[in-house]
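Quick notes on the structure that follows.
The values are calculated or read from the model by the stated rules, or taken from the named source; none is laboratory data. Remember, predicted model here, so these are calculated numbers, not experimental data. So basically every Cβ, Gly included, is an ideal-geometry build from the backbone, and we count neighbours across all protein chains shown. These area figures cover heavy atoms from the full protein model, side chains too; ligands, DNA and RNA do not enter into them. Shrake-Rupley method; radii C 1.70, N 1.55, O 1.52, S 1.80 Å.
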Amino acid sequence: MSFPEKIIQAAKSQGKLRAVTDEIASPTWTVDLAEAIAKLIRQPAYGVYHFSNAGWCSRLEWAVEILRLAGMGDVPVEPATMAEFDLPYRKPAFTAIANNNGARLGIRLRPWQEALADHFQHPDPSRASRGDPGAG
């Protein structure tokens with residue numbers, strides 16, 4: 001299940017959320033990632049390439065945008081830190097990546113906000129085959 005689906009599911013079941021402010025990353029839609037990889041393999045390029053949608057945000061900012069796009073902007077989202085969640089692991093605080101090598105080849109991904117909006121406009125067709133009620 002994707003992060004947007006988890007956020008929506010949790011908001012529906014709990015009526016409120018807690019999301020971390022100190023984990024910063026580059027949200028990336030797999031459709032955009034697949035397109036970038038397809039462009040890359042058609043070029044005579046070698047090396048290490050990092051692809052993500054442009055920009056970065058905290059999990060809290062991402063969750064707020066997900067809820068807004070899902071028409072659930074009235075669900076309260078409380079700020080929290082990673083330390084407040086009793087997890088058996090610790091993620092790095094900043095994992096945003098730059099698409100420098102891809103950009104040199106003209107492969108640039110759009111901002112994560114645009115990709116997220118498209119995610120809501122174009123549901124994953126594979127969910128329908130799994131009987132996912134979010135498909136459609």
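Mind listing whichever residues of the range 24-67 are open to solvent by 50 Å² or more (accessible area, probe 1.4 Å) and touching a strand residue (DSSP E or B) at 6+ places or on another chain (Cβ under 7 Å)?
Listed by number, the residues that qualify are Trp56, Arg59, Val64.
How many residues, within the range 65-112, are within 19 Å of Ala11 (Cβ to Cβ) and either without any contact (Cβ under 8 Å) to a residue 60 or more places away in the chain or in contact with a helix residue (DSSP H, G or I) (Cβ under 7 Å, 6 or more places away or on another chain) (or both)?
13
For the range 31-63, which positions are hydroxyl-bearing (Ser, Thr, Tyr), within 12 Å of Gly102 (Cα to Cα) and within 15 Å of the chain's Cα centre (by Cα)?
Taking the range 31-63 first, the residues hydroxyl-bearing (Ser, Thr, Tyr) are 46, 49, 52, 58.
Okay, now just the ones that are also within 12 Å of Gly102 (Cα to Cα), so 46, 49, 52.
Answer for the range 31-63, where residues must be hydroxyl-bearing (Ser, Thr, Tyr), within 12 Å of Gly102 (Cα to Cα) and within 15 Å of the chain's Cα centre (by Cα): just Ser52.
Among the numbered conditions (1) touching a residue at least 24 places away in the same chain (Cβ under 8 Å); (2) hydrophobic (A, V, I, L, M, F, W, C); (3) closer than 19 Å to Pro4 by Cβ, tell me where Leu40 comes up short.
Condition not satisfied by Leu40: (3).
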